[in-house]
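The values are calculated or read from the model by the stated rules, or taken from the named source; none is laboratory data. Every value quoted in this text rests on a predicted model; they were computed, and no experiment measured them. With ideal geometry, Cβ positions are generated from the backbone for all residues, glycine too; neighbour counts draw on all protein chains shown. Side chains included, ligands, DNA and RNA excluded: accessible areas come from the protein's heavy atoms. Shrake-Rupley method; radii C 1.70, N 1.55, O 1.52, S 1.80 Å.
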Amino acid sequence: MSFSRAIATVGGLTLVSRLAGFARDILTASVLGAGPVADAFFIALKLPNLFRRLFAEGAFGVAFVPLFAAELQVKGRAAAARFAEEALAVLLAVLLPFTLAALAAMPWLMLGLAPGFSDEPAKFAMAVDLARLTFPYLTLISLVALLGGILNALDRFGPFAAAPIAFNLTLVAALLTAPRLGWEPGRAMAAAVTLSGIVQLLWLAWACRSAGIVLRLRRPRITEGMRRLFRLVGPGALGAGVMQINLFLNIVLASLLPSGSVSFLYYADRLNQMPLGVIGIAIGTALLPVLARHAAAGDEEKVRHYLSRALEFSLLLGLPAAVALGVSGGPMVAVLFERGAFGPAETQATAMALAAYAVGVPAYVIAKSLNAAFFARQDTATPVRVAIIVTVSTVALALALLPALGHVGIALATGLAAWLDVGLLVVALRKRGLLSLDARLMRRGPRIAAAAVGMGAALALGGAALAPWLGHPATAVRFAALGALVLGGMAVFGGLAHLLGGARLADLTGFLKRPPADATES
């Protein structure tokens, strides 16, 4: 699979997952609103997701994929499968006791995750109860991450990228069936989280079998391969998960604010995660195995080409996405979420947080590519040093902004810290001589930015013109107006990018397929 097709596959399926996630969130906002039950469920969901993103998909993913790819290329499929089986055994030996201990210690974990809930005993007890239902998802999704890493290293990106769709559809089913069966919606959704992990695990196991990989259970042993894996996993937990650490700290701080603050940040982050997932995760997922192969072969020209194209693609999609969320976030939140228990006040509070989060969208996408440049060379130590600085800076900035801006200050601190992350990664790569960008990227970057600014102006004018339809009582009319606004913004950006020389129509079909001649390509 070509790099461009891999990005399109991961991005396209992630887009479908995000759309299913919006359907889930629209139902969640209507049923739970932004009150105590919603806050408790979102906290219960954050807990396993935090550990999953830090260790399973974060540290484990960036450590496992390069090592598995190296085993596959040097020693063959049988040796690579044996390495994966050893990793599976160690993963189960760690995760099963950890999950059981977490279930028993959930009240203490909840005090650390949401200390502000302790002032409301009923809300705290509900959060503990729901978290015990969701936490087994950690073990299940960690196994999914292992199988997904195998498939990615085999250039089969589709099954792993499609797995989150099952998560969203399972929760949608729980929301729809809970009222009919007389179940409490919060408990039904929490149980559905763990059920979705089972569904995803079965799907990935079938995909691996179709790819010719069937893992057997082994006794856990600390082999030389596992020692190498552990050496990379340790620092990778922070290097790959700085955004998740920041989101965790956001929840801690938001729990100290008035009720609803956790939910405002959650709904805003759901919209913010659309470009991060479709663009950032797609590029990072496709880029890592490609860079790992060329770095291992010593082909620095190919590394330079693919990293430059990934950064160009990040700007081409990340900048307009950030501008769109900042300028048109209010209409987006209103059309998607404003119904039932979610009213105009909740819309305004969520839209303000979304605009603040959007500041960091391009930086987060760029950082995914820059981190891949380190991980491909099996260097997870450098990103962890950057992560520590960024995390401390985020907390300090959030605390400084909290008194004046409340929950918006937390989101803004996260967005600004993403740019600090990029700056420090760039400095580290340049010091090692690993960031040699081509002329095409340097030439097109400013033109892409100019096109995004022009699009922002068009969106502001379009939003004002469509205001009567965006606020229309009929849901279909509101969605149609929002669709027209979004499609109009995309058309304006595409036209400006083409006219200014920031992109070419041929890029959409031939992007990243072969290294260009930097000096001659326009």
>> Computing the accessible area with a 1.4 Å probe over protein heavy atoms, can you report the carbon and sulfur percentage for the range 261-335?
In response: 66
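Tell me the relative contact order for the range 134-193 as a rounded percent, counting alpha carbon contacts under 8 Å between residues six or more apart. Let's see the in-between values first.
Working: 30 pairs, mean separation 19.3, N = 60.
The normalised contact order for the range 134-193 reaches 32 percent.
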> Roughly how big is the range 429-498's charge dipole about its Cα centre, with Cβ charges of +1 (Lys, Arg) and -1 (Asp, Glu), in debye to the nearest 20?
Replying inline: 540
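Using a 1.4 Å probe and counting only protein heavy atoms, arrange 216, 77, 478 so the residue with the most accessible area comes first.
On the way: 216 145, 77 110, 478 30 Å².
These residues rank, largest area first, as 216, 77, 478.
Select from the range 109-204 those chymotrypsin sites (Phe, Trp or Tyr not before Pro) which occupy a DSSP coil region and have at most 14 other Cβ atoms within 10 Å, ordered by residue number.
Details: sites: 117, 124, 137, 157, 160, 167, 183, 203; in loops: 157, 183.
Qualifying residues, ordered by number: 183.
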> Counting only protein chains, not ligands or nucleic acids, how are 294, 498 ordered by accessible area (probe 1.4 Å), most first?
Replying inline: 498, 294
> What does the charge dipole of the chain about its Cα centre add up to, to the nearest 20 debye, if the Cβ of each Lys and Arg holds +1 and the Cβ of each Asp and Glu holds -1?
Replying inline: 1340
> In debye to the nearest 20, how big a dipole does the range 54-128 give about its Cα centre with +1 on each Lys and Arg Cβ and -1 on each Asp and Glu Cβ?
Replying inline: 240
> From the phi of every residue in the range 324-329, what ³J(HN,Hα) in whole Hz does the Karplus formula 6.51 cos²θ - 1.76 cosθ + 1.60 yield, where θ is phi - 60° and glycine or proline is x?
Replying inline: 5, 5, x, 7, 10, x
> Once the dipole of the chain is set up with Lys and Arg at +1 and Asp and Glu at -1 on Cβ about the Cα centre, which of 390, 95, 205 lies farthest towards its positive end?
Replying inline: 205
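Stokes-Einstein D for the range 48-154 at 10 °C, 1.306 mPa s, Kirkwood Rh over Cα pairs, in µm²/s?
On the way: Rh = 15.3 Å.
Roughly 104 µm²/s, to the nearest whole number.
Relative contact order of the range 437-501, please, whole-number percent, based on alpha carbon pairs below 8 angstrom and at least 6 residues apart.
Details: 39 pairs, mean separation 30.6, N = 65.
Relative CO of the range 437-501 lands at 47 percent.
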